[in-house]
Every structure is written in C-alpha cells, then in structure tokens.
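What follows is one structure encoded as structure tokens, with my remarks underneath.
The values are calculated or read from the model by the stated rules, or taken from the named source; none is laboratory data. Bear in mind the structure is a predicted one, so any value in this text is a computation, not a measurement. Counting neighbours? That spans all protein chains shown, and the Cβs are built from the backbone with ideal geometry, glycine included.
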Amino acid sequence: MATERLCHGYIRDRRSRITGAIRHLVHAPEAGQFRAGVQALLIIMLAIMAGTVVDEIVIWGILFMFLGEFSEIYEAVYHSAVNFASLGYGDIVMSKPWKLLGPLEAVNGVLMLGMTAAALMVVLQYLIKTQRDTFITGDRTPDDVQ
C-alpha cells in the first residue's frame, strides 16, 4: 500500500512538472521563442519517454531482486528489460512460482510504451491547437513563427 502511494506521488509530481514546462514553452512571449520552445518541448518529451521506460525497467528489476530471483542488479535489470520490451529471449528464466511475472511485465511494457506515445501526441496536439488559436486571434502571424 505504501509503495503504491509512493509510485502515485512520484507520477503525480512528474506530471505536474511536465505540465508546467509545457505551459511555459507554449506561451513564450516572443515569436522567435515559439520555434525554440517547440524544439525544446520535443527534446524534453523524448527524454521523459526514455526516462520513464528506464524507471519502469529498473523498478521491475528491483522487484525481482526483492523476490530473491536474482543476486545481481545487472541480471535483474537485463531480465526486466527483455521482458519489458517483449523480446522473450529465454536465456534467463525465473523460478516456477514467479514465472508468470515475465508475461505480466511484457504486457505492462507494451501498455506503458503505448501510453507514453499517446501522451506525446496529446502534448503535440495541444501545441498545434495553441498555435492555431494564436493565429486566429491575430496575436502572431505565420511569418513571425518562421
């Protein structure tokens, strides 16, 4: 229960930081900053995607070590990465009681990658909508953004 609260708090904190950064980049006061803001936003979002995936893989690896399946963090994280990416090499196999955690992590990996890509699309849609609304209201012209 405490671990679940900790994970939800971490995700909520990360989401609020991302939202603040996006608002700052989208509502840049000068026209020249808009393009720089878009490029910075894409870089930030890709870094967040990569960071989220690595975080998830490491958390699963730590769980596997906590369960006593692995003695070294390298093996636990490697096994976790193989499962998370749905590769399924099979070179390292967990014991029978915990074997079903592999497919569970694979499903989790597919869902998390899909949700992360969806979040990136939502941010880009918001950015495009904001740009379109700005042009409609006449605050900036397309020439200002280029």
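Filter segment 88-146 down to the residues that are modelled with pLDDT under 85 and basic (Lys, Arg), then identify the one that is farthest from residue 72 (Cα to Cα).
140
Could you please find all residues in segment 112-139 being exposed (fewer than 13 other Cβ atoms within 10 Å of the Cβ), hydrophobic (A, V, I, L, M, F, W, C) and more than 11 Å from the chain's Cα centre (by Cα)?
121, 122, 128, 136
Out of everything in segment 54-92 that is touching a Ser or Thr at 6+ places or on another chain (Cβ under 7 Å) and assigned to a helix (DSSP H, G or I), what residue ends up being farthest from residue 114 (Cα to Cα)?
Here the residue is 64.
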